[in-house]
Amino acid sequence: MRKQALTGWLLLAPSLLLLGGLVVFPILYNAWLSLFDKHSFLPAQAFVGLKNYRYFAGDEEFWNSVYYGTVYSGATIVLQLAVGVPAALLLNEMFRGRDFLRGVVLFPYLIPTIVAVILWKWLLNDSYGLVNHLLLAAGVVSAPVAWLGKDFIMWSLIVTSVWQFFPFVVVTYLARLQTIPPELYEAARVDGAGAWRRFVHVTLPQTRSVLFVIVLLRSIWMFTKFDTVWLMAGEGGVSRYIRTLPVYAYARSFTYLQAGMGAALAVIMFVMLIVATAAYFRVFRREEALS
Amino acid sequence: MAISRRHFLAGTAVLTGTAMLGRAPAALGQIRELQVWHTEVEPQTVKVIQDTSIAEFERKFPGFKVKQQALGWGDLNTKLLASIAAGSPPDLTHLNPFMTASLYVKKLLVPMDELIRAIGENDIHEATLKLQYFDGKYYGVTHAMGSTYFAERRDLREKKGIKPPETYDDMLKLAAALTEGGRYAVQMPGEKLYMGFVHPAEWLAGNGGSWVDPKTYRPQLNSQAMIDALEYAQKLNKFMPGGWSGQKYLDTLAALSTGKIAMAYLSGARTIGYIEKYAPENMRDPEHFMPMLRPHGPSGRVGISALDGENWAVFTQSKYPNEAFEFLKLFYKKEYYLQYCHSVPIHLTPIFKSMLNDPEYLANPRIKKWRPWHDTMVSGLKAGRFLPIGFSRPEDNLVPFLAELDGSGIVADMVVEVMVGGKNPKAEADKAQRRAEELLTQLGFKRWS
């Protein structure tokens, strides 16, 4: 029995080592680092305990980042669902060219982020962008709109992100739609249910669990999204208006050169996500029990 | 198929031997690599360096191979600091002058007095000679000088009968006059480095201000000099395209060349390349496009522009410091250095006074055609109208935290809130002052009480 247990542990050891080295250690090291005042590149550090956390509690920039991050992730998730779910429902129907369209809809998700962002920045540029050109030609606006300026940069970022990531919702939701037994719809039809009632009483209950996963994953991914946000404004002046938490953490680590502060922000982000995920699970389970 | 133990061992021995032979030159130290990083990314410049100084260096030092890496400004600082942290910096690199003091105080730089004397200490232009001079020793030498200024549509200004502006008020009047018919007067680059560091440094320098108190290091972001400058910038913003803060330096050059704006706020001789490529054919000349020096503020005497000129530096951790200096001697050899400067004419103006009016240097076709741009550079140098990038006063080379102040984005946030956000300059300056004081305290540079 003991020998069997030992064999079991030995077989598990590579996985445990990998998990420990690649997941647990970085998290713990980051938490440890957050207790130091440490230069990002030079060997200068001093233990400061929770000072970095106390600093952020009163740091206006931190709270701005939380606000921008929440607006960005909230709006993009809602819009990804608003676009992705109807698109999946449409692509679940039979019509000519459906297979082609299913391929096309994946396109934004397949292209590299840098390409997607450059493309959108080019489209939205207020000097030579196509969007302004079309709006001016159609007489919708009388002067070019500064889509990448202070007032619209967040919306431009949201549109770019929704365009880039809604195919994930489409693919995942469509996969689940295809497994719903057709008899359920037939029974609903026999009972006189129209399209809307079939959606509400058959499709939605059947796809609740996949929607739960989609919202959970996309929330985590959008809240921690760095590349799209960074590429949209980089370190430009206007970046101030879309400086989400991951970007602020990056800035603290690599432009302020304060590795301890950057690590503290990463820990805060991690804790915020765990708390939000736990709350989300709780609400979902309660609703599931009720239904 | 079964393999016998003997065959397996023999095969392994052959493979190991082959692999070791492949590594032999490096293992025996026959090929040593001299790592050289610089910020001149134009392909023709990279080629000139390769074909001149590198080629001769490799002939003179057969055991060495020079590996040059051209990096953009934005990439240089982070990559350099990471390499220093890893204990393997390049043997020779460009540094932004505002970083040099920070590295000097950490004792990371090797002095280069002997090199400076060898290439001609007395001939190096005063605008650059002592930028990296600490405690009686030289720790850097500028590779070339390129001044920055406005690039203006001279023809449009002259049509209005307006002289180049001397003061902030003159500039605002000019901007108002040139904003018409869907064209904006001026556009500033939206990158943080420029609008959040280079230009605010110029504003302070041209208005009698400074980043910090020289004795206590206390930031001076809410000084009257900065508040005046912010008020000026806020007014100037009315004459800029709405989305300027989301656009980049090269966008401004394209906008100038194609007639969307009348002045590019940040410009250097590199602008000529854009003009020659994108401006209407009959306008690609100094009659239409000219440099224009900065105006000064109410408390300043003359307007100041940034002088773009990184310096070469050798680290104490460099593997081959002596060879790095030998390489630099070849780099500054007259015939090679001329070719280097001619690879981007005027933008790469020589650091040697004797070369500024050297007929051989001036014979370059682009310099001939755009001679007024060269003359603006030379007259600006004579009149003391330039300070190195990010400097608010000449002594800023001794301030060891300018890189961190730039990196923090505190100044950029202040500028963008005032210019784009339309917020009160004094309130934003006070906020930036608080943040900067916190930052310098965290970095251990607080000397004020």
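The values are calculated or read from the model by the stated rules, or taken from the named source; none is laboratory data. Just so we're clear, the structure is a prediction, and the values are computed from it rather than from any experiment. All Cβ positions, even for glycine, are placed from backbone atoms using ideal geometry, and neighbour counts span all protein chains on display.
Counting only residues that are on the phi < 0 side of the Ramachandran plot, in contact with a Lys or Arg (Cβ under 9 Å, 6 or more places away or on another chain) and within 12 Å of chain A (Cβ to nearest Cβ), the stretch B:161-191 holds 6 of them. For the stretch B:192-218, the tally of residues that are basic (Lys, Arg) and within 14 Å of chain A (Cβ to nearest Cβ) stands at 1. For the stretch B:103-114, how many residues are crowded, with 20+ Cβ neighbours inside 10 Å and either part of a helix (DSSP H, G or I) or under 19 Å from the mean Cα position of the chain (by Cα) (or both)? Final tally of qualifying residues: 2.
If I filter the stretch A:1-41 down to residues being of a type in the set (S, T, N, Q) and part of a helix (DSSP H, G or I), which single residue comes out as nearest to the chain's Cα centre (by Cα)? Looking at residues that are of a type in the set (S, T, N, Q) and part of a helix (DSSP H, G or I), I get A:Asn30. Looking across the stretch B:219-235, the residues that are assigned to a helix (DSSP H, G or I) and either within 14 Å of chain A (Cβ to nearest Cβ) or touching a Lys or Arg at 6+ places or on another chain (Cβ under 8 Å) (or both) come down to B:Ile227, B:Leu230, B:Ala233, B:Gln234.
Residue-by-condition table, conditions (1) more than 23 Å from A:Tyr250 (Cα to Cα); (2) within 14 Å of chain B (Cβ to nearest Cβ); (3) loosely packed, with under 10 Cβ neighbours inside 10 Å:
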position: A:Thr7; (1), (2), (3): yes, no, no
position: A:Gly20; (1), (2), (3): yes, no, no
position: A:Gln45; (1), (2), (3): no, yes, no
position: A:Glu61; (1), (2), (3): no, yes, no
position: A:Ala75; (1), (2), (3): no, no, no
position: A:Pro86; (1), (2), (3): yes, no, no
position: A:Glu93; (1), (2), (3): yes, no, yes
position: A:Asp99; (1), (2), (3): yes, no, yes
position: A:Ile114; (1), (2), (3): no, no, no
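For the stretch B:250-272, the candidate set comprises residues that are free of Cβ contacts under 8 Å to residues at least 60 places away in the same chain and not aliphatic (A, V, I, L, M); within that set, the residue that is farthest from the other protein chains (Cβ to nearest Cβ) is B:Ser257. Among the conditions (1) crowded, with 23+ Cβ neighbours inside 10 Å; (2) touching a residue at least 60 places away in the same chain (Cβ under 8 Å), B:Gly243 misses just one, which is (2). Within 14 Å of chain A (Cβ to nearest Cβ) and either buried (at least 24 other Cβ atoms within 10 Å of the Cβ) or under 17 Å from B:Ala185 (Cα atoms) (or both) - does that describe any residue in the stretch B:286-295? Scanning the stretch B:286-295, I find no residue that is within 14 Å of chain A (Cβ to nearest Cβ) and either buried (at least 24 other Cβ atoms within 10 Å of the Cβ) or under 17 Å from B:Ala185 (Cα atoms) (or both), so the answer is no.
Checking B:Arg117, B:Arg183, B:Arg157 one by one, the residue that is under 30 Å from A:Ile153 (Cα atoms), modelled with pLDDT of 90 or more and not acidic (Asp, Glu) is B:Arg183 and no other. Annotation note: Cβ proximity below 9 Å between a residue of the stretch B:382-394 that is free of Cβ contacts under 8 Å to residues at least 40 places away in the same chain and a residue that is not basic (Lys, Arg) (sequence gap 6+ or interchain) occurs for B:Pro394/B:Leu131; B:Pro394/B:Leu387; B:Pro394/B:Pro388.
With respect to the conditions (1) among the hydrophobic types (A, V, I, L, M, F, W, C); (2) within 14 Å of chain B (Cβ to nearest Cβ); (3) within 30 Å of A:Gln178 (Cα to Cα), A:Leu124 falls short on a single one, namely (3).
Yes/no matrix, rows are residues, columns are (1) among the aromatic types (Phe, Trp, Tyr); (2) in a loop (DSSP other than H, G, I, E, B); (3) in contact (Cβ under 8 Å) with a residue 24 or more places away in the chain:
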site: B:Asn122; (1), (2), (3): no, no, no
site: B:Ala127; (1), (2), (3): no, no, yes
site: B:Gly146; (1), (2), (3): no, no, yes
site: B:Glu152; (1), (2), (3): no, no, yes
site: B:Pro164; (1), (2), (3): no, yes, yes
site: B:Leu172; (1), (2), (3): no, no, yes
site: B:Ala175; (1), (2), (3): no, no, yes
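Of all the numbered requirements in (1) of a type in the set (Asp, Glu); (2) free of Cβ contacts under 8 Å to residues at least 40 places away in the same chain; (3) crowded, with 23+ Cβ neighbours inside 10 Å, B:Asp413 misses one, and that requirement is (2).
Per the conditions (1) away from every other protein chain (no Cβ under 14 Å); (2) in a loop (DSSP other than H, G, I, E, B), the sole criterion not satisfied by B:Val378 is (2). If only residues of the stretch B:37-85 that are surrounded by fewer than 16 Cβ atoms within 10 Å (Cβ to Cβ), without any contact (Cβ under 8 Å) to a residue 60 or more places away in the chain and within 14 Å of chain A (Cβ to nearest Cβ) are counted, the one that is farthest from the chain's Cα centre (by Cα) is B:Ala85. Regarding B:Leu108, is this residue modelled with pLDDT of 85 or more, touching a strand residue (DSSP E or B) at 6+ places or on another chain (Cβ under 6 Å) and within 14 Å of another protein chain (Cβ to nearest Cβ)? Yes, satisfied. Applying the criterion of being more than 14 Å from every other protein chain (Cβ to nearest Cβ) and among the aliphatic types (A, V, I, L, M) to the residues of the stretch A:136-158, the residue that is nearest to A:Ile242 (Cα to Cα) is A:Ile158.
Yes/no matrix, rows are residues, columns are (1) touching a residue at least 24 places away in the same chain (Cβ under 8 Å); (2) out of contact with any helix residue (DSSP H, G or I) (no Cβ under 6 Å at 6 or more places or on another chain):
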residue	(1), (2)
A:Arg197	no, yes
A:Pro205	yes, yes
A:Val215	yes, yes
A:Thr228	yes, no
A:Gly234	no, yes
A:Val247	yes, no
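Taking the stretch A:218-247 as the range and being of a type outside the set (Val, Ile, Thr), more than 10 Å from chain B (Cβ to nearest Cβ), assigned to a helix (DSSP H, G or I) and crowded, with 21+ Cβ neighbours inside 10 Å as the test, the residues that pass are A:Arg218, A:Met222, A:Phe223, A:Leu245. When A:Arg189 is tested against (1) crowded, with 18+ Cβ neighbours inside 10 Å; (2) in contact with a Lys or Arg (Cβ under 8 Å, 6 or more places away or on another chain), only condition (1) is not met. Note on the stretch B:417-448: among residues that are in contact with a Pro (Cβ under 7 Å, 6 or more places away or on another chain) and within 25 Å of B:Leu236 (Cα to Cα), the one that is surrounded by the fewest Cβ atoms within 10 Å (Cβ to Cβ) is B:Gln433. Could you tell me whether any residue of the stretch B:408-418 is at pLDDT below 95, more than 22 Å from B:Gln224 (Cβ to Cβ) and either more than 9 Å from chain A (Cβ to nearest Cβ) or touching a Ser or Thr at 6+ places or on another chain (Cβ under 6 Å) (or both)? No, that holds for no residue.
Residue by residue, here is whether (1) farther than 14 Å from B:Glu56 by Cβ; (2) in a loop (DSSP other than H, G, I, E, B); (3) touching a His at 6+ places or on another chain (Cβ under 9 Å); (4) aromatic (Phe, Trp, Tyr) holds:
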{"residue": "B:Ala324", "(1), (2), (3), (4)": "yes, no, no, no"}
{"residue": "B:Lys329", "(1), (2), (3), (4)": "no, no, no, no"}
{"residue": "B:Ser354", "(1), (2), (3), (4)": "yes, no, no, no"}
{"residue": "B:Arg366", "(1), (2), (3), (4)": "yes, no, yes, no"}
